[in-house]
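This report concerns only the one structure given below.
Derivation of every value follows stated rules applied to the coordinates shown; laboratory data play no part. On a predicted model such as this, the values are computed, not experimentally measured, just so you know. Cβ coordinates were reconstructed from backbone atoms using ideal geometry, including for glycine residues, and neighbour counts include every protein chain displayed.
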Amino acid sequence: MKPSITVEKTKSAKTIPAAKDFGFGRFFSDHMALADFSKSDATETARSWNSARIVPYGPIPLDPGAAVLHYGQELFEGLKAYRGDDGKVRLFRPEMNWKRMRNGAERLCMIAPELDLFLEMLTAFCKTESRWIPKEPGCAFYLRPTLIGTEPFLGVRPSNDFLFYVIGSPVGSYYGEGADTVKIKVETEFVRAAPGGIGAAKTGGNYAASLKAALEAKSEGYAQVLWLDATHRRYIEEVGTMNVFFKMNGKIITPPLDGTILPGVTRDSILQILDSENLTAEQRPISLDEIQDAAKKGTLEEVFGTGTAASISPVDSLGIKGEKIVVGNGRVGPVSAKLLKRLTDIQYGRAEDPWGWTLPIET
Ligand SMILES: *Cc1c(COP(=O)(O)O)cnc(C)c1O
């Protein structure tokens, strides 16, 4: 059955800020999309996803005993609606976000909406918020699908009730002119995720565990931390909110998806782009020693993060216990620059989309 989404338009539309003030996630649009699921309800309709609706943006009623507030039963997603030079709006691989939410829901004992409903809520929401999808270069409308356990119950077990919602925020260009580089701190004390844990799920708990390390890194002048594996503090995992790639000794390498890192949609896309350019990346464990050795030999050519927010984020240096490792010549490397262009050209509809990654939507 095709879900039908009701729309209640706001009576007090906001003024959209100037693109230069967007930043990231500072402003929310006029509406939000919601749907409910109740496993324990007596009515059959309630025991499947129902009441899909778009309503004016605002606080959501939540019982103070709700599972999400006590035991962190929560998943979120992040993707962008890009307005191309042709005026058309495109989503980038939204079914990948759905798949990740579904996998996360399995791990956290939650129920995720079906693909149909997920996509319909995203597209209907974008249609309602069309005026919020910026046309300024490098800007986009960031979508935040979120799934929470809402059942009020303090016993420790999975929630029977869930709320799925989508909110949106206009976001600015990550870069002024061309890509900028960032300094990254190799985190040798705190860890993000351990084997058998929830590192592969896009859930708030992983971020709660990361905030202290990120705050300390910021105070030391770094943009983010590079996480090491929990067991040995030796193998590279990922960078803050991004997956990470290295070009060293002539090869492009990224850590494998072994359950402790987040399977990024950008990571997957970059792997396919690299393949198509005969630059196939190795997916294998990378030790800190290997990076330090390459740096010593002068063969640590490029390091870059991949994620929806910045697409490609080139790294100019790594700090390890106060010691500085300079990457390449400290500037944006040719592979990073090429990948950034290739990926964003597809996202903004400037280049052919050979993989069918973009989903054009009517707005
Ligand atoms: C979301 C996220 C990423 C990047 O995933 P994309 O799908 O490429 O945006 C990487 N690491 C973490 C921890 C994340 O939460």
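Assorted remarks:
- Across the options TYR57, PHE141, ASN103, the greatest Cα extent toward the positive end of the charge dipole of region 6-171 (unit charges at beta carbon of Lys, Arg, Asp, Glu) belongs to PHE141.
- Contact order normalised by residue count of region 182-347, Cα under 8 Å, 6+ apart, percent: 24 percent
- Those trypsin sites (Lys or Arg not before Pro) in region 274-353 that DSSP places in a loop and that have at most 15 other beta carbons within 10 Å: LYS321, ARG331, ARG350
- Distance cut-off 21 Å, percentage of C-alpha pairs in region 109-223 lying past it: 62 percent
- The translational diffusion coefficient of region 182-347, from Stokes-Einstein at 10 °C and 1.306 mPa s with a Kirkwood hydrodynamic radius over alpha carbon pairs, comes to 100 µm²/s.
- Prolate/oblate/rounded call for region 156-276, Cα gyration tensor, a/c under 1.5 rounded: rounded
- Fraction of the pair-distance distribution of region 97-159 above 14 Å, Cα-Cα pairs, percent: 66 percent
- Every Cα-Cα pair in region 6-171 was counted, and those over 29 Å apart are 21% of them.
- Taking GluC sites (Glu not before Pro) across region 206-299, the ones in a DSSP loop with at most 14 further Cβ atoms lying within 10 angstrom of their Cβ are GLU220, GLU277.
- Among the listed pairs LYS185/LYS212; LYS80/LYS338; LYS20/LYS338; LYS20/LYS185, those whose Cα-Cα separation exceeds 18 Å are LYS80/LYS338; LYS20/LYS338; LYS20/LYS185.
- Gaussian network model of the chain, Cα within-10 Å springs - most flexible of ASP30, ASP63, ASP180: ASP63
- About the centre of its Cα atoms, region 6-171 shows a dipole size close to 580 debye [charges on the beta carbon of Lys, Arg (+1) and Asp, Glu (-1) only; nearest 20 debye].
- Estimated from the Cβ-Cβ distance and a Förster radius of 30 angstrom, the FRET efficiency linking GLU216 and VAL156 is about 0.45.
- When each of LYS218/LYS296; LYS99/LYS321; LYS247/LYS324 is checked by Cα-Cα distance, pairs over 28 Å: LYS99/LYS321
- Relative contact order %, the chain, counting alpha carbon pairs below 8 Å whose residues are six or more apart: 18 percent
- Shape annotation for region 23-87: C-alpha extents along the principal axes are 50, 27, 20 Å, from largest to smallest.
- Applying 1/(1 + (r/R0)^6) with r as the Cβ-Cβ distance of THR15 and GLU362 and R0 = 30 angstrom yields a FRET efficiency of 0.75.
- Rg/Rg_ref, the chain, where Rg_ref = 2.2 N^0.38 Å and atoms are Cα: 1.02
- Distant-in-sequence amide H partners of ARG234 (H built 1.01 Å from N, under 5 Å): ASP229
- The mean sequence distance of close C-alpha pairs (under 8 Å, at least 6 residues apart), as a share of the length of region 315-363, puts its relative contact order at 21 percent.
- Listed values for region 30-44 are Karplus-derived 3J(HN,Hα) couplings in whole Hz (6.51 cos²θ - 1.76 cosθ + 1.60, θ = phi - 60°), namely 6, 10, 8, 10, 9, 8, 10, 9, 9, 5, 9, 6, 6, 8, 5, and x replaces Gly and Pro.
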